[in-house]
Structure formats: structure tokens, C-alpha cells
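The values are calculated or read from the model by the stated rules, or taken from the named source; none is laboratory data. Everything numeric here is computed off the predicted structure, so don't read it as measured data. As a convention, Cβ positions derive from the backbone with ideal geometry for all residues, glycine included, and neighbour counts pool all protein chains shown. Each accessible area value is taken on the protein alone, full model and side chains, heavy atoms only, with ligands, DNA and RNA left out. Shrake-Rupley method; radii C 1.70, N 1.55, O 1.52, S 1.80 Å.
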Amino acid sequence: MSDCLFCKIINKEIPADVVYEDELVLAFKDINPVAPTHILIIPKKHIPTLADLQPEDAEVMGHIVLTAKELAAKQGLDENGYRLVSNCKDDGGQTVFHIHFHLVGGRYFAWPPG
Ligand code: AMP
Ligand code: ZN
């Protein structure tokens, strides 16, 4: 997708503070962090929203969750915990229409969110 911000980051057309990359996923620091650790983990495949997922996307989605676990441990978050969030469409608060998971930690997050 040529006009997708996160595809441009994947293609290195826009800079990002990349913390992890492999053939399936990219992880980079959120430009507007809401916690001491705020990393976005995205599939390299352009999938606009969670509502667009297909059965063949199961591998990459599982890989994203496992990548989040590894990155959280590297950030020292595994003991106190963290939150892994993906916002879907308008009511979910999604603003960038390429699936992404927010890995946030280093402070307490209440549930339900205020
Ligand atoms: P969402 O509102 O769930 O769609 O999240 C989109 C996230 O992308 C927000 O937390 C933004 O701060 C973040 N973001 C937007 N542009 C960039 C960028 N160029 N580099 C890193 N993060 C970004
Ligand atoms: Zn995209």
C-alpha cells in the first residue's frame, strides 16, 4: 500500500526507531509514547484492521504476540507485566489503518481504561 504510513516505515521510506525486525514483523518505538515503554508491533503484510484478518493470517498474528512477549522480557517488563493492545476501527480508536499492537509498560494501566 503506497499511501500507508506503516508500509512506508516497513519500506524504509520514513524513518522509525526500529527495535526488532524479521521476515514477518517489524517493531518500532511509538512516536508519541504513553508509557516508559511504548512499542508498536506490525505485520509486514498490509492488513488494514483486525476485521480484515483471514485464516491465512493466523501465523503472523501469533508471531506478533510471541514477539511482544520477547520484547517485553528484553525491556524488563515480564515481572511487573504490561499491556498489549490493538485498536480496531473508529470505536476502537484506530488512527493508522495497518494492523498494529501497542506494547506498553513501565507504569500501571487501569482496567477499564479511564
Ligand atoms: P492507533 O491510534 O491505535 O491507530 O495507534 C497509532 C499509533 O501510531 C499512535 O500511538 C501514534 O503515536 C503512532 N504513530 C503515528 N505515526 C507514527 C510514526 N511516524 N512513527 C511511530 N509511531 C507513529
Ligand atoms: Zn500498510
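Here are a few things to note about the model shown:
- Listed conditions (1) of a type in the set (V, I, T); (2) away from ligand 2 (no atom under 16 Å from the Cβ); (3) crowded, with 16+ Cβ neighbours inside 10 Å are all met by V85, apart from (3).
- Against the criterion of being β-branched (V, I, T), closer than 16 Å to H102 by Cα and in a loop (DSSP other than H, G, I, E, B), I31 qualifies.
- Flag: I42 matches the condition of being of a type outside the set (G, A, S), near ligand 1 (Cβ under 10 Å from one of its atoms), touching a Leu at 6+ places or on another chain (Cβ under 8 Å) and open to solvent by less than 10 Å² (accessible area, probe 1.4 Å).
- Taking the listed residues D78, D57, the one that is at pLDDT below 95 and either touching a helix residue (DSSP H, G or I) at 6+ places or on another chain (Cβ under 7 Å) or more than 16 Å from ligand 1 (Cβ to nearest atom) (or both) is D78, with no other qualifying.
Residue-by-condition table, conditions (1) more than 11 Å from the chain's Cα centre (by Cα); (2) assigned to a loop (DSSP other than H, G, I, E, B); (3) away from ligand 2 (no atom under 16 Å from the Cβ); (4) loosely packed, with under 12 Cβ neighbours inside 10 Å:
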residue	(1), (2), (3), (4)
E70	yes, no, yes, no
N80	yes, yes, yes, yes
D90	yes, no, yes, yes
Q94	yes, yes, no, no
H102	no, no, yes, no
W111	yes, yes, yes, yes
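- Pairs where the first residue, in the stretch 1-14, is surrounded by 11 or more Cβ atoms within 10 Å (Cβ to Cβ) and the second is charged (D, E, K, R), C-beta under 8 Å, 6+ apart: I10/K44; I14/K8
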